Protein chains: 2
Amino acid sequence: MSHSNLDLVNQCDGFPYPESNTERYLASITTYYQLRVSGHDYALGYMLPSVAEVFRGIPNWELNDDERTLTLTGGKNAEERSKAVETTLLAMKETGHFKVLSKWRGELYAVYGKGKELLFNVERSASPLLGVVTYGVHLTAYTNKDGQLKIWTPRRARTKQTYGGLLDNAVAGGIASGESPLESLVRECGEEASLPEELVRSKAVACGTLSYWYIRDERAGGETNLMQPECQYIYDLELPEGTTPKPGDDEVEEFYLWSVEEVQEAMKNGEFKPNCALVVLDFLVRHGILTSENETDYIEIVSRLHRRLEFPTL
Amino acid sequence: MSHSNLDLVNQCDGFPYPESNTERYLASITTYYQLRVSGHDYALGYMLPSVAEVFRGIPNWELNDDERTLTLTGGKNAEERSKAVETTLLAMKETGHFKVLSKWRGELYAVYGKGKELLFNVERSASPLLGVVTYGVHLTAYTNKDGQLKIWTPRRARTKQTYGGLLDNAVAGGIASGESPLESLVRECGEEASLPEELVRSKAVACGTLSYWYIRDERAGGETNLMQPECQYIYDLELPEGTTPKPGDDEVEEFYLWSVEEVQEAMKNGEFKPNCALVVLDFLVRHGILTSENETDYIEIVSRLHRRLEFPTL
């Protein structure tokens, strides 16, 4: 099956837009429960009713079926709230109720309020249950010899539980609570591509953020239809001659140095991990390769890569 | 008064977002009339009630107060519709009813349908009366000597009727109906900055689009509160040493070659034409100058620069 670039965007940014499809949008959001924190009267994420139901009657949580809200009532500050969330999730992990919790990572993601303040931390594998915004870094490593642009493209280990064998960006990872995007990038560049810290700090260029509202499917593992609004900090790194990314752990099978045409062919064939395809699209747009001359859906694609999420973000 | 970068975005992207402020959004859109074309059951723009009222009883137009729509009923194809629109607008120009029509440009802007087909052309000065999406090109010309980035920044002639004396992007202009973004860019680069065609064609890099929903104020001239959703095709051009932009017409007073700090200071002081400030912000984001480390509202700014408009776009 051949994927257009807009198909690739639709795969990642699947939640309807209120202004162009108000009925479908309202039908969607009234299906879900809003996640809230006591004293903060706004949605931090949307949860499947079947997920919210499991929180009924549990200490520190209040489920309101009329308003369709699940409110974290326990804890007066970020530390106490994080503890309350952890206690609940550890208990749920024990009962084995949620498949996603069987992939417990022991990493904390941050959830922010409208004032950009930390409201609480949540175990990474549990974040799609709550439907909260998660943050990551993605780096495109490329070479530009004699005007011939080539993109370093790793293939994920086929043994990886999520998106095994698919193509990825040179470096990509989640931002742990308390970590800055740049520190996260430096760490991941070492772990995933063996790129030296000095090189990353001096040559990686921040190029904006991508944001989209992903609805998880089978390939993500665990329960499907969970909401995963995401924000990715994007970096470009032109590698000097002689510098080659190398797998630093067992998550990457191999790095290819591919021409733009080879990358675009693989995109068309659906060989990329969905959100990594978006990072490639943004790279091609910013470097004048994907243009209004060769892409019919140019305007739609560029705006969809930068969705304004309706939840507070950092 | 000091303007934050988010203030600058808010100036241009003033229409409320449905998902984060549903009440204000609905209050806003129900205030306006939707512009439609017969057989195309969707909004092409929003019009002030006081503007829509003037179309009541005019041949080729149907005003529906219950549905709050103004429908262009005349014409079976783009050519016939364009003629019907022109006839109406010329008559309105004659009566002097609308101030914006006194700046009649004799340039046609295109209005597209959901299939990206041309629905009709409209005189440029009339487009904000109809509230339709308009398209432009903006180019940032810069130098990068020894890692010192400088931006060519023109000051608009103080005699210019709109935004006189404010700072601009090196080249900026509206895209006429039938003209491609690149052809429009080449033309404007010659007219406004005396940049040679070969240089522009070989060195200007397309870098995406900016889109926002502007509500016109006094500085735009003519009626206020008219809707002007816009989409700008963005280009970067690194000028080779010795090449200097020069005013090619009387629209520009002078070109400055400014450091990033000088440009940012002028932005803070509100010295830029509002939409040109957005182009600078996008440039600073893409070049790693404005980052999550130095801009609190980074995520919000990046997504707001790429608003998904609820009207069909090209």
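The values are calculated or read from the model by the stated rules, or taken from the named source; none is laboratory data. Source: prediction; values computed, not measured. For neighbour counting, all protein chains shown are included, and Cβ atoms are generated from backbone atoms with ideal geometry for every residue, glycine included. In case anyone asks, the SASA skips ligands and DNA or RNA and just uses the protein heavy atoms, side chains included. Shrake-Rupley method; radii C 1.70, N 1.55, O 1.52, S 1.80 Å.
If the only charges are +1 at each Lys and Arg Cβ and -1 at each Asp and Glu Cβ, what is the size of the charge dipole of the stretch B:90-142 around the Cα centre, to the nearest 20 debye?
Approximately 100 debye in magnitude.
Between copies, how far apart are the A:D66 label points? List them in nm, one decimal, shortest first, with each point 7 Å from Cα toward Cβ, please?
3.5
Under 24 Å from the Cα of B:K116, which lysines turn up, not counting those fewer than eight places away in the same chain?
A:K268, B:K76, B:K83
So what is the relative contact order for the stretch A:32-130, in percent, with contacts set as C-alpha pairs under 8 Å and at least six apart?
Over the stretch A:32-130, the number comes to 24 percent.
Just from its helices, what would the mean residue ellipticity at 222 nm be for chain A, if runs of 4 or more DSSP H residues each count -39500 (n - 2.57) and the sum is divided by every residue, rounded to the nearest 500 deg cm²/dmol?
-8000 deg cm²/dmol
In nm, give the distance between the simple-model label positions of B:T296 and B:E94, each being 7 Å from the Cα along the Cα-to-Cβ direction.
Result for the modelled spin labels: 5.7 nm.
Based on a Kirkwood Rh over C-alpha pairs, give the Stokes-Einstein translational diffusion coefficient of chain B at 10 °C and viscosity 1.306 mPa s in µm²/s.
Answer, rounded: 78 µm²/s.
Per residue, how much accessible surface does the protein assembly as shown expose to a 1.4 Å probe? Answer in Å², no decimals. Can you show the working numbers first?
Values: 25830 Å² over 628 residues.
Accessible surface, normalised per residue, equals 41 Å².
Put a point 7 Å out from Cα along the line to Cβ at B:G164; what are the distances to that point in the other copies, in nm, shortest first?
So the label point of B:G164 gives 7.1 nm to the other copies.
For A:K246, go through the aspartates and glutamates and keep the ones whose alpha-carbon is under 16 Å away, minus same-chain ones fewer than eight residues off.
Partners within reach: A:D168, A:E188, A:E191, A:E192, A:E197, A:E238, A:E254.
With a sphere of radius 12 Å drawn around the Cβ of A:S4, what net charge do the other residues whose Cβ falls strictly inside it have (Lys, Arg +1; Asp, Glu -1)?
Around A:S4, the charge tally is -3.
Just order B:192-203, A:200-211 by mean Cβ neighbour count inside 10 Å, highest at the front, would you? Write out the running numbers ahead of the final one.
Details: B:192-203: 16.4, A:200-211: 20.4.
So the order, starting with the most tightly packed, is A:200-211, B:192-203.
In whole percent, how big is the carbon plus sulfur part of the accessible area of the stretch B:32-130, probe 1.4 Å, protein atoms only?
Carbon-and-sulfur percentage of accessible area, whole number: 47.
Taking a ≥ b ≥ c as the square roots of the eigenvalues of the Cα gyration tensor of the protein assembly as shown, is the shape rounded (a/c under 1.5), prolate (a/b larger than b/c) or oblate?
Cα axes put the protein assembly as shown in the oblate bin.
Would you work out what percent of the accessible area of the stretch A:162-314, with all protein chains in place, is carbon or sulfur (probe 1.4 Å)?
Result for the stretch A:162-314: 45 percent of the exposed heavy-atom area is carbon or sulfur.
Using +1 on the beta carbon of Lys and Arg, -1 on that of Asp and Glu, and nothing else charged, what's the dipole of chain B about the Cα centre, debye to 20?
On the way: 32 positive and 48 negative charges, 112 e Å.
Once rounded to the nearest 20, the dipole reads 540 debye.
Using a 10 Å cut-off on Cβ to Cβ distances, tally the other chain neighbours for every residue of A:292-299 and report the average as a whole number.
Counting Cβ atoms of other protein chains within 10 Å of each residue's Cβ and averaging gives 5.
Do any of B:K160/B:K273; A:K145/B:K150; A:K103/A:K160; B:K150/B:K203 go past 21 Å between their Cα atoms, and which?
A:K145/B:K150
For B:N294, which inter-copy label distances result when the label point lies 7 Å beyond Cα on the Cα-to-Cβ vector, reported in nm to one decimal and in ascending order?
3.3
How would the stretch B:184-314 be classified by its alpha-carbon gyration tensor: rounded, prolate or oblate, with rounded meaning a/c under 1.5 and the a/b versus b/c comparison settling the rest?
rounded
Peptide B:202-211: average number of partner chain Cβ atoms within 10 Å per residue? Mind showing how you got there, number by number?
Numbers: counts 0, 0, 1, 5, 10, 6, 15, 8, 2, 4.
Other-chain Cβ atoms within 10 Å of each residue's Cβ, averaged: 5.
Describe numerically, in nm with one decimal, the distance between label points set 7 Å from Cα along Cα→Cβ at B:L199 and at B:K76.
5.1
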